[in-house]
Amino acid sequence: MIKVENIKKSFDDIEVLKGIDFIFEPGKTNLIIGRSGAGKTVLLKILVGLFQPTSGNVFYNDVNTDKFSKKEIRKIRMEMGMLFQGNALFDSMTIEENIRFPLDMFTKDTMKEKTIIVDKCLERVSLKGINSKFPSEISGGMQKRVGIARSIVLKPKYLFCDEPNSGLDPKTAITIDELISDITDEYNITTVINTHDMNSVMEIGENICLLHKGKLVWKGNKDEVIDSDNENLTDFIFASPFLQKLKDRALGYKASMKEQNKI
Amino acid sequence: MEKNLLYHLGRYMNWHGQIYSRPENGRMYYKEIIRQLYDIGIGSLSIVLIISIFIGAVTAVQFFYQMDGTTIPPYFIGYIVRDMTIIELAPTFTCLVLAGKVGSNMASEIGGMRQKEHIDAMEIMGVNTAAYLVLPKIIASLLIIPILVSVSAIVSNAGGYMASVPTGLFTSGEYIRGLRAFFIPSHVTMMYVKSVVFAYIMTSVSCYQGYHVTGGSIELGKASTQAVVYSSILILIADYIIAVLLTG
């Protein structure tokens, strides 16, 4: 479980996060949603320790990260996997070398053992047999899956994904969402996804927080999204006129059904 | 300006604490050192050879011109070329050229990794990125640059010979006699001291510029340029300090 308590973050005079309190639940896909500039990436980077909050606390299993020693920070980081928006695959390495990198760095496994683990990870993300290719030789969707494979190679307890669907077509985006969701269940990890993709919200949002201008304005799950009358949430979800029309129709239909049932 | 200078100096010193920490996996560092030795050593050999030939050639021709008509014996030119190249020209010229070639490359490589979030990715894996990305480069530079400087010193003396003996400025015997005259072994020590100090300055300053780059491609270009400019200035300042200390 990851808990954030009154997190604030400023860059010079600009306050990006204005006191966020939220619990990212274990074994679930936790979503940070919001419009561009809402502070999602900053919050995610604070969670993984790439940014220090201006004030507030981050707790990993009820232990304040401020109290972690250097050794504990390294240990907790080895329990993290992260999928970056731009994948962050090392261009000069093959796919196999990319996935093997954490194993090379932190394990004393033999090359044969490491190759078996890499193959398993590649198989898990349905990319068997592309070991010798370079990141530039595969598609964006495949690169995302390689990124996921690399982030799970050390069997993490926490998985962080920064906009995993950006730049992908809707079908591939759904595949990636499903993969992340399946891996979360399979490894029983705490997954935190930063997204503004509505398909993701409705498909895999088990625990969602909505940020708006640096403030947490709504929390809930995918089933509560549609029925919510939170203005910020409806503005975010039904941003386009088409979706707004669709919502009005759905609400009209719901109301008429209620009337019929009364009769 | 003053505040900025102190800020960077403080950050540069603090950053060294990160660089010199225990490696996560010695084998990975070893591999990286070998790669850097090849990149810096073999990758820079041709340019070092070319500049060294001309350093020796120009020194010989220039001194012949200066001494022409004086009573100084011609073999002195060999002696001057030898000492000039060993004490000053080989270490300083080589390291200034390497600051332009290798230093800017290091700054761009690390800066590019910062921009593509490779460094963030490694940090999240638990890798000490300052150590993993910088320490092998420093070790490789400290090992290979003194060798390149030695090659440069030898080739410069050969360059002096090639430019003056076949063109008839003086005889082969006179040049070789000069090369062997008044030899002081501590000059070679000075050459190695300079090459080690310059190698350290060039590598650490260039990596510092790349590691702390923020922004986009314009900032990366700036960092790469600053790596060359600051390394070159610091190399020349260090050159003066070493000259004062070792000849005083």
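The values are calculated or read from the model by the stated rules, or taken from the named source; none is laboratory data. Treat the numbers as computed from the prediction; the structure is a model and nothing was measured. Note: ideal-geometry Cβ built from the backbone for every residue, glycine included; neighbour counts use all protein chains shown. Ligands, DNA and RNA are stripped out before the accessible areas are found, and what is left, the full protein with its side chains, is counted by its heavy atoms. Shrake-Rupley method; radii C 1.70, N 1.55, O 1.52, S 1.80 Å.
Quick look at the numbers
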quantity	calculated
Contact order normalised by residue count of segment A:2-230, Cα under 8 Å, 6+ apart, percent	30
Cα→Cβ-extended label distance, 7 Å offset, between A:Asp235 and A:Gln52, nm	3.4
Additional length obtainable on full extension of the chain from B:Ile176 to B:Tyr240, 0.36 nm per residue less Cα span	20.1 nm
Net dipole in debye of the protein assembly as shown [+1 Lys, Arg Cβ; -1 Asp, Glu Cβ; about Cα centre; nearest 20]	580
Choice from A:Gly37, A:Gly81, A:Gly147 with maximal GNM fluctuation in chain A (Cα, 10 Å cutoff)	A:Gly37
Percentage relative contact order, segment B:25-247, counting C-alpha pairs under 8 Å, at least six apart	37
Shape call, chain A: gyration tensor on alpha carbons, a/c limit 1.5	oblate
Cα long-axis angle, helix A:140-152 against chain A (0 to 90 degrees, to the nearest 10)	70
nm² value of the averaged projected area, convex hull over the Cα atoms of segment A:93-241	10.4
Of B:Phe54, B:Phe183, B:Phe93, the one that fluctuates the most in a GNM where chain B has Cα springs shorter than 10 Å	B:Phe183
222 nm mean residue ellipticity, helices alone, for chain A (DSSP H n ≥ 4; -39,500 (n - 2.57); rounded to 500)	-13500 deg cm²/dmol
Chain A - percent of accessible surface contributed by carbon and sulfur, probe 1.4 Å	50
Efficiency of FRET between A:Leu243 and A:Glu206 - r from beta-carbon atoms, R0 25 angstrom, step 0.05	0.65
Whole-number D in µm²/s for chain B (Stokes-Einstein; Kirkwood sum over Cα pairs; 20 °C, 1.002 mPa s)	110
Computed P(r) (all Cα pairs; segment A:188-235; 10 Å bins; percent)	24, 61, 15, 1
Cα centroid of segment B:32-61 to Cα centroid of segment B:87-162, whole Å	12
Buried on assembly, segment B:14-31 (at least 30 Å² less accessible surface than by itself, 1.4 Å probe)	B:Glu24, B:Asn25, B:Met28
Segment B:44-141: equivalent-ellipsoid semi-axes (sqrt of 5 x gyration tensor eigenvalues, Cα, Å)	45, 12, 8
Cα-based helix-to-principal-axis angle, A:95-106 vs chain A, degrees rounded to 10	70
A:His212 accessible area, 1.4 Å probe, all protein chains in place, Å² to nearest 10	60
Pairwise burial B:A, computed as accessible area of each alone minus the pair, summed, 1.4 Å, Å²	1800
Segment B:123-248, relative contact order in percent, only Cα pairs under 8 angstrom and at least six apart counted	27
Hull volume in cubic angstrom per residue (convex hull over the Cα atoms of the protein assembly as shown)	200
Acute angle (nearest 10 degrees) that the helix B:26-37 long axis makes with the longest principal axis of chain B, alpha-carbon atoms	40
Potential extension, A:Ile116-A:Lys171 segment - 0.36 nm per residue separation minus Cα distance	16.8 nm
Spin-label pair A:Asp91/B:Met13, simplified geometry with 7 Å Cα→Cβ offset, distance in nm	3.7
Average accessible area per residue (Å²) across the protein assembly as shown - probe 1.4 Å, nucleic acids and ligands excluded	49
Most mobile of B:Ser232, B:Ser164, B:Ser156 in a GNM of chain B (Cα contacts under 10 Å)	B:Ser164
